[in-house]
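Let me begin by presenting the structure, written as structure tokens, before commenting on it.
The values are calculated or read from the model by the stated rules, or taken from the named source; none is laboratory data. Note that the structure is predicted; figures quoted are calculated from it, not measured. Please note: Cβ atoms are built from the backbone with ideal geometry, for glycine as well, and neighbour counts cover all protein chains shown. To get the accessible areas, we keep the full protein, side chains included, count just its heavy atoms, and leave off ligands, DNA and RNA. Shrake-Rupley method; radii C 1.70, N 1.55, O 1.52, S 1.80 Å.
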Amino acid sequence: MAVAEAETRVREGVEYEPVIGLEVHVQVQTESKMFCACPARYANAEPNTVVCPICLGMPGVLPVMNQRAVEYTILTALALNCEIPEFSKFDRKNYNYPDLMKGYQITQFDLPFSRDGWIQIVDPTDPTQTRRLGVTRVHLEEDTANLKHIRGAAGETYSLMDCNRAGSALMEVVGEPDIRSAEEAGAYLRQLRSIVRYIGVSTGNMDEGAMRCDANVSIRPAGETALGAKVEVKNMNSFRAVERAIGFEIERQKNLLREGGRIVQETRGWVEERGVTVSQRSKEEAHDYRYFPEPDLPPLFIDRPWVDEIRSRLPELPEPKRLRFITQYELSPKDAATLTGSRSLADFYEATINTGAPPRAVANWVLRDVLRLLGSQSIESSKLTPEHLAGLIQLIDSGQLSVRSAPEVLEESFTTGAAPAVIVQEKGLAQVSDTAALEAVVDRVLAAEQSAKAIADYRSGKPSAAGFLVGAVMKETRGKANPGLVNQLLRQKLDASG
Ligand SMILES: [Zn+2]
């Protein structure tokens, strides 16, 4: 990465392009913390109850490395197309802040577990195209304690500290400054979350802090390769916040230059309620942290068979799966992206197709009705099975269930887990495809006074007038009539007696 200029100054008549790189911290879902035996799942625990002398940073204690955390980091790095060097080590990053009890963080500095990877995203400006965005490295470190800033009833302010999070395993995914818009940043982040969820190393939930993102944002004259003065934006707690904050920051920097100002290297915080970034402090340089090798942990030799074994655990990842869905099931890029956004939804889709159901129809039902019923829940939490969705589609295709009644049957199956055929029977929703029964209804509708105008219109050469009559028959049968058959019967009678 090129060294940033200390400031970016305005130039007349020049277009500016944004240059964005993300630093994403991802909590690793291990059983125990990074260097001690404390449980790493402390979400529902009382503050400061999931701690021990090691993660509290007491003098004289020794850290013990969590092998699973190392494996998960390498697995993530492989999923992000990184190289895994044979030699790696941990370092101490020294700084003073209340959430870091021992005054240093164990992290990785010059010899991380991985480097030189990339994430492929769908180009937000053209969904038929993709973009590869560089990943500098994925490394492993320990998380800090959690500070809660309180304003009391009398207006007094104070901070409370919860050490449960301290010492948990945390990956940092450092991105290259390849991102060119707020939308691309959002796509990168969503793709990263999808990947860590696919491989099961993290929940990736931003609202719970399992995924935290800082953004480095600068602008430069289009076509230039040197980087402008870099502003680090922090305090964004959702995908939407990341996109809004970056969008704001790009405009702020452009306006500043247009007004003859200059951009200085600094850290700014996103203020959600006001939709702005505000200056927090001038940026520290790396040497301020006085990194040195962690003396209490041995360096790591990562042998190739181990890397190969970890690589063999990789499932088909979201992007290859999306591309496969497009060709194999003839889906649009957007539909394929939605269906492969979560591994369980993609599995559900394919399991439904594997029962013999037509891919296009299954996609339509999943993308429209199933996703609406799910809301923010995952497919595993519903009682709908692939067999039942396929059964629903089969009932429609065979004429036993009308498209109009089908959503009601789906919802019932989704909530209760009952088979669509059983629901149709119990609720009396079977489609009426009995010609004799429908003929009687059609005759009634044609004889009714309010049909006279539509009949006259139809016979005077307006075939669309038949729609009113079809609607009347459907209403009479409470939506259970087979619309194709109704149409056919109506036209037969109208044409014959006309
Ligand atoms: Zn501990």
Checklist entry - Identify, please: which residue in the stretch 402-415 is open to solvent by 70 Å² or more (accessible area, probe 1.4 Å) and in a helix (DSSP H, G or I) and is, among those, farthest from Met474 (Cα to Cα)? => result Thr415
Item to check | Search result, residues across the stretch 127-149 that are among the charged types (D, E, K, R) and either open to solvent by less than 70 Å² (accessible area, probe 1.4 Å) or at pLDDT 95 or above (or both) | outcome: Arg131, Arg132, Arg137, Glu141, Glu142, Asp143
Item to check | Exclusive hit being touching a Lys or Arg at 6+ places or on another chain (Cβ under 7 Å) and either touching a residue at least 12 places away in the same chain (Cβ under 8 Å) or more than 19 Å from Ala182 (Cα to Cα) (or both), set Ser218, Ser194, Ser238 | outcome: Ser218
Item to check | Qualifying residues in the stretch 76-90 (those that are surrounded by fewer than 17 Cβ atoms within 10 Å (Cβ to Cβ) and not in a loop (DSSP other than H, G, I, E, B)) - the one farthest from the ligand (Cβ to nearest atom) | outcome: Glu83
Next on the checklist: Looking at the stretch 170-186, can you tell me whether even one residue there is over 30 Å from Ile263 (Cα atoms) and assigned to a strand (DSSP E or B)?
Outcome noted: yes
Checklist entry - For the stretch 23-38, how many residues are more than 9 Å from the ligand (Cβ to nearest atom) and either open to solvent by 20 Å² or more (accessible area, probe 1.4 Å) or out of contact with any Leu (no Cβ under 8 Å at 6 or more places or on another chain) (or both)? => result 6
Checklist entry - Going by the structure shown, is Thr73 hydroxyl-bearing (Ser, Thr, Tyr) and more than 12 Å from the ligand (Cβ to nearest atom)? => result yes
Item to check | Candidates Gly152, Gly204, filtered to the one that is within 29 Å of Tyr42 (Cβ to Cβ), more than 16 Å from the ligand (Cβ to nearest atom) and buried (at least 18 other Cβ atoms within 10 Å of the Cβ) | outcome: Gly204
Next on the checklist: Could you go through the stretch 296-308 and let me know if any residue there is within 32 Å of the chain's Cα centre (by Cα), part of a loop (DSSP other than H, G, I, E, B) and acidic (Asp, Glu).
Outcome noted: no
Checklist outcome for this item: Scanning the stretch 216-231 residue by residue, the ones that are modelled with pLDDT of 95 or more and of a type outside the set (A, V, I, L, M) total 2
Item to check | Answer from Pro53, Pro112, Pro98 - the residue that is within 16 Å of the ligand (Cβ to nearest atom), part of a loop (DSSP other than H, G, I, E, B) and not aliphatic (A, V, I, L, M) | outcome: Pro53
Checklist entry - How many residues are part of a helix (DSSP H, G or I) and either in contact (Cβ under 8 Å) with a residue 60 or more places away in the chain or touching a strand residue (DSSP E or B) at 6+ places or on another chain (Cβ under 7 Å) (or both) if we restrict to the stretch 56-67? => result 0
